[in-house]
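Inspection log for the structure reproduced underneath, given as structure tokens.
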Amino acid sequence: MGKYFGTDGFRGEANVKLTVEHAYKVGLYVGWYFGTHAGKKAKVVIGKDTRRSSYMFEYALVAGLTAAGADAYLLHVTPTPSVSYIVRSDDFDCGIMISASHNPFYDNGIKLINSEGYKMEANIEELIENYIDGLGPDIPFATGDKIGRTVDYSIGRHRYIGYLISLATRSFKNIKVGLDLANGSATTVAKGVFDTLGAKTYVLANDPDGTNINTGCGSTHIEKLQEFVKENGLDVGFAYDGDADRCLAVDDKGNLIDGDQIMYLCAAYMKEQGQLNGNTVVTTIMSNIGLYKALDKLGIGYEKTKVGDKYVSECMAANDFSIGGENSGHIIFRKHAVTGDGVLTSLKIMEVMLEKKMKLSDLTSPMRVYPQVLKNVRVGDKAATLSDEAVKKAVADSGARLGDSGRILVRESGTEPVIRVMVESGTQEECEKEVDSVIEVMKAQGHVTA
């Protein structure tokens, strides 16, 4: 992880941690770098979510790009996966998405996407960081007809919508679908896709005002959609995050269907169809133990990566696996996309429901979701805490008590002075007891600061 760019781009509070000056410098360097390496005028496509600051950052990026001689193509408000799709389908040198995903409106972020639709390589992000800190080259301003231009590229978003519609295997006629659009990027895409496919569409959080993205809605506030599905007698509901690269579902009974359950039902269907490459699902270490037990019963293997969709994507690409993701709802269907795509995920769930002629509640019933407790502990020194023999013994003892009926996971945060202690087991009470047993040892050893 770099000084500015983390696993999900350059993110922070707008004009505090991530400023308009940062955005200008990112644009200037990207425009110069890709133009120099391509030996021609660079082409960069930009998308954004609905945050008030997204417009400011878009203009700053465009100023930098065009000043360096690159052409900037604007998709306007659009999901992150649409930028990934357009970059690789329309031969762009790179893509930029302006979004802080599920964060509050006052945060924002800049995600860089390479020409193949994946997250930008770390070595290029490091070069940009050096330039931001005044350690890079002196970049000359373009002059005359070498100055870049800005192009309205709404047609790119429309093509992405058309691509999603083309993936549906059946009509959604007479299916009652609830959509929570999080007042974010999904507002320009999701309803149109479901309407075109014939669904009876019921919508929440479809009125962005620049400050209400993710506010009491979307995948981080799934309870709103749960009540909406029950109140309106809907067949299914889908909730997206701010940039629509995640999807959580609600079944016909109003129950949450998380990313682990989505991977289970889709992997089971894909295996039946002979589409599950390597007979393997890629998860992160945070996936629920219930997913692994359910996959074991189906004879499906799994790989576990570090937390972060970047690591899931890398594992899938290296092994040509078909499906992977996180329990947060960031699911990758590699045949159709190289990054998580919330609307695509909802379409794949609809495919399973319609092809199997089953309700979502029945499709997910074989998988038991184990109770989970996760507590964040602020410590003075993360490395010292994890290497403490007394702490290591407490973790090992907890794991022994849990046996095959549960698990404990202790890991450090990549961005905060925090140790995360997570336990899954048969009961909530047992989870609480085991988590607290480890935290008490951390406290006794003097590691906990608050």
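Annotations
- Residue exposure proxy: 358, 286, 97, ordered by other Cβ atoms within 10 angstrom of their Cβ from fewest to most, comes out as 358, 286, 97.
- Net length gained if the chain between residue 432 and residue 38 were fully extended (0.36 nm per residue, minus Cα distance): 136.3 nm
- Directionally averaged projected area (the chain, Cα convex hull): 21.9 nm².
- Stokes-Einstein translational diffusion, region 372-444 - Kirkwood Rh over all Cα pairs, 0.692 mPa s, 37 °C, in µm²/s: 271
- Sorted fewest first by neighbouring Cβ atoms within 10 angstrom, 243, 258 come out as 258, 243.
- Among 257, 175, 408 - extreme Cα towards positive end, dipole of the chain, charges at beta-carbon: 175
- Segment residue 443-residue 368, length gained on full extension (0.36 nm per residue, minus Cα span): 23.7 nm
- If you look at the Cα atoms of region 167-364, you get an Rg and a Dmax of 15.7, 48 Å.
- Structural descriptor for region 5-154: relative contact order 30 percent, calculated from alpha carbon pairs under 8 angstrom and at least 6 residues apart.
- The mean sequence distance of close C-alpha pairs (under 8 Å, at least 6 residues apart), as a share of the length of the chain, puts its relative contact order at 12 percent.
- Amide N proximity, region 311-350 versus residue 418 label position 7 Å along Cα-to-Cβ, cut-off under 18 Å: 327-329
- Among the listed pairs 310/335; 253/304; 200/224, those with a Cα-Cα distance over 23 Å are 253/304.
- Loop trypsin sites (Lys or Arg not before Pro), region 208-288 (other Cβ atoms within 10 Å of the site Cβ: 16 or fewer; DSSP): 253
- Centre-to-centre, using Cα atoms only, region 107-141 and region 418-436 are separated by 40 Å.
- For the chain, built as a Gaussian network whose Cα springs stay under 10 Å, the top-fluctuating residue of 372, 261, 428: 428
- In a DSSP loop and with at most 14 other Cβ atoms within 10 Å, the trypsin sites (Lys or Arg not before Pro) in region 161-203 are 170, 173.
- Rounded to the nearest 20 debye, the dipole magnitude of region 167-364 is 580 debye, with +1 charges on Lys and Arg beta carbons, -1 on Asp and Glu beta carbons, and the Cα centre as origin.
- Taking the Cα centre of the chain as reference, the dipole from Cβ charges on Lys and Arg (+1) and Asp and Glu (-1) amounts to some 740 debye.
- Only Lys, Arg (+1) and Asp, Glu (-1) charged, at Cβ; region 5-154 dipole about Cα centre in debye: 280
- On the basis of the beta-carbon distance and an R0 of 22 Å, residue 59 and residue 149 show a calculated FRET efficiency of 0.90.
- Residue 358 paired with residue 138, simple spin-label distance in nm, labels 7 Å along Cα-to-beta-carbon: 6.8
- Amide N of region 162-190 lying under 17 Å from the label point, which is placed 7 angstrom from the Cα of residue 232 along Cα→Cβ: 172-184, 186-190
- Neighbour cut-off at most 16 other Cβ (10 Å), DSSP loop, GluC sites (Glu not before Pro), region 86-157: 116, 121
- Relative packing of 57-69, 209-221, which averages over residues the other C-beta atoms within 10 Å, highest first: 57-69, 209-221
- Where the Cα pairs of region 5-154 fall when distances are cut into 10 Å bins, in %: 13, 47, 35, 5, 0
- Footprinting exposure proxy for 101, 425, 413 (fewest neighbouring C-beta atoms within 10 Å first): 413, 425, 101
- Cross-link table 293/433; 25/146; 25/348, entries beyond 30 Å C-alpha to C-alpha: 25/348
Here, each number is a calculation from the coordinates, and none is a lab measurement. Keep in mind the model is a prediction, meaning the values are calculated, not measured. Neighbour counts run over all protein chains shown; Cβ positions are idealised from the backbone, glycine included.
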